[in-house]
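What follows is one structure encoded as structure tokens, with my remarks underneath.
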Amino acid sequence: MKNVFAITLLVGAVGLSSCYFGPESPRGFSLPEGKAETGKTIFVKYQCLSCHTMAGMEPAANLVDNPDLSIRLGGKTTAVKTYADLLTSVINPSHKLPLGYKRSLVAKDGISKMKVYNDVMTVSELVDLVTFLESSYELVPYN
């Protein structure tokens, strides 16, 4: 019985000591819960349909910066679109450029052509927008 307790204590101590709680740790970071319906309004407000398409939403009358570009958002996908992935795509669009598009259409000199909204969008708008985007994806099995 002593040995089981000692092993459990040792495993717990090693486990805790291997955790990183420094300034780079995501521990404790969380955003408030967003509202998908409000996020849909934000999606329209910032004219996301100028360069993106989304199932169930009317495309923009004219695609502003890239008439040949229409990056699809939402719908069925075999890849998980996490909250963190979507959030990063909005606040740092150059972090991960979309696949399946000609590089010259989505980026210039390795920098995304997507406008950076960090100085115009509030945190509440960002949270609601990402909640809306996340809810618009349907994960399907890969065939």
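The figures follow:
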{"item": "Accessible carbon and sulfur surface of region 93-132 relative to its total accessible area, %, 1.4 Å", "result": "57"}
{"item": "Relative packing of peptides 87-93, 128-134 - highest average C-beta neighbours within 10 Å first", "result": "128-134, 87-93"}
{"item": "Karplus (6.51, -1.76, 1.60) ³J(HN,Hα), θ = phi - 60°, over region 131-143, in Hz, Gly and Pro reported as x", "result": "4, 4, 4, 4, 6, 8, 9, 10, 6, 10, x, 6, 8"}
{"item": "Highest to lowest packing among 40-51, 115-126, scored as the average C-beta count within 10 Å", "result": "40-51, 115-126"}
{"item": "From phi via Karplus (6.51, -1.76, 1.60), per-residue ³J(HN,Hα) for region 111-120 in Hz, x at Gly/Pro", "result": "9, 4, 7, 5, 4, 8, 9, 4, 8, 10"}
{"item": "Computed FRET value (nearest 0.05) for LYS35 with MET57, which takes r as the C-beta separation and R₀ as 22 Å", "result": "0.80"}
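The values are calculated or read from the model by the stated rules, or taken from the named source; none is laboratory data. On a predicted model such as this, the values are computed, not experimentally measured, just so you know. Note that each Cβ is placed from the backbone with ideal geometry, even for glycine, and that neighbours are counted across all protein chains shown. Keep in mind that these areas ignore ligands, DNA and RNA; they rest on the heavy atoms of the full protein, side chains included. Shrake-Rupley method; radii C 1.70, N 1.55, O 1.52, S 1.80 Å.
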